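*Asks:* Sharing a structure below in structure tokens format, with a few things to ask.
The values are calculated or read from the model by the stated rules, or taken from the named source; none is laboratory data. Here the structure is a predicted model, which is why all the values come from computation and not from measurement. Cβ: placed from backbone, ideal geometry, glycine included. Neighbour counts: every protein chain shown.
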């Protein structure tokens, strides 16, 4: 089975500026990959190459085995840019109908209604874009990215304008999308969101991937904390496997154990270390 998205030795230069430098990355069908990095790291450039909006200077990028930018690759992609703008005068239903025409989707009114329900805008089909909050427009943008049943979804900061309820809607939506076998590459600065929803994470710095793995793999053990009758005891240099021995020693010495916490660094800790902020 071909990777949903793959790039090998991918490079992009804008004059003297290098945006991407030898990036190797693969996203499997049905996988949700979080793309992290500071501003200017190359996240948007990588996403635009995947869409075919930007040509690589060197290297290869494919979407479901087809060269990025080819008609076959474009047909497999749904995309929501970070800085999008929809015509103010269109209603939600009209906007999706426009994108159906642009993508060649034959889903009709049924597809439009299903997508609006999926993003929590089922009651807003006749609301004009000009009357929508930024959060509603963001969710409408995700709906348009799903027009035509794409196999690869590219989302650039899809929750940046959403309140906690809206972010929860998007989290649930991404889980539904993944269950349908759709691959998602998600660029975001909201590390807590990425940690919750993503299968794997890749961290870009200066156009290079400096760390990758599951959120759990990127975090590091930070020891064990044991709450006893005499107070909290810290064991910074031990791992989860040492917990039974530690508890047995405390009990054998006449102590009482109320709680044990295995500590680990968060994705935020790993990110800050990777970008050199700590």
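*Asks:* Can you confirm whether the range 201-215 contains a residue that is loosely packed, with under 14 Cβ neighbours inside 10 Å, touching a residue at least 24 places away in the same chain (Cβ under 8 Å) and in the same structural domain as residue 27 (by TED's automatic domain parsing)?
*Replies:* no
*Asks:* Of all residues being more than 17 Å from the chain's Cα centre (by Cα) and assigned to a loop (DSSP other than H, G, I, E, B) in the range 4-40, which is nearest to residue 210 (Cα to Cα)? Just the residue, please.
*Replies:* For the range 4-40, the residue satisfying everything is 40.
*Asks:* Checking the structure you have, find out if any residue of the range 101-115 is buried (at least 21 other Cβ atoms within 10 Å of the Cβ) and within 28 Å of residue 35 (Cα to Cα).
*Replies:* yes
*Asks:* Look through the range 179-194, keep the residues that are part of a helix (DSSP H, G or I) and in contact with a strand residue (DSSP E or B) (Cβ under 8 Å, 6 or more places away or on another chain), and return whichever of them is modelled with the highest pLDDT.
*Replies:* The selected residue is 194.
*Asks:* Restricted to the range 249-268, and to residues that are out of contact with any helix residue (DSSP H, G or I) (no Cβ under 9 Å at 6 or more places or on another chain) and part of a helix (DSSP H, G or I), which residue is nearest to residue 226 (Cα to Cα)?
*Replies:* Looking at the filtered set, the residue picked out is 250.
*Asks:* For residue 176, state whether it is under 9 Å from the mean Cα position of the chain (by Cα), in a helix (DSSP H, G or I) and either surrounded by fewer than 24 Cβ atoms within 10 Å (Cβ to Cβ) or modelled with pLDDT under 80 (or both).
*Replies:* no
*Asks:* Is there a residue being surrounded by fewer than 16 Cβ atoms within 10 Å (Cβ to Cβ), closer than 21 Å to residue 36 by Cα and assigned by TED's automatic domain parsing to the domain that holds residue 47 anywhere in the range 179-188?
*Replies:* For the range 179-188, residues surrounded by fewer than 16 Cβ atoms within 10 Å (Cβ to Cβ), closer than 21 Å to residue 36 by Cα and assigned by TED's automatic domain parsing to the domain that holds residue 47: absent.
*Asks:* Any idea which of 15, 65 is in contact (Cβ under 8 Å) with a residue 12 or more places away in the chain, surrounded by fewer than 23 Cβ atoms within 10 Å (Cβ to Cβ) and out of contact with any helix residue (DSSP H, G or I) (no Cβ under 7 Å at 6 or more places or on another chain)?
*Replies:* It is 65.
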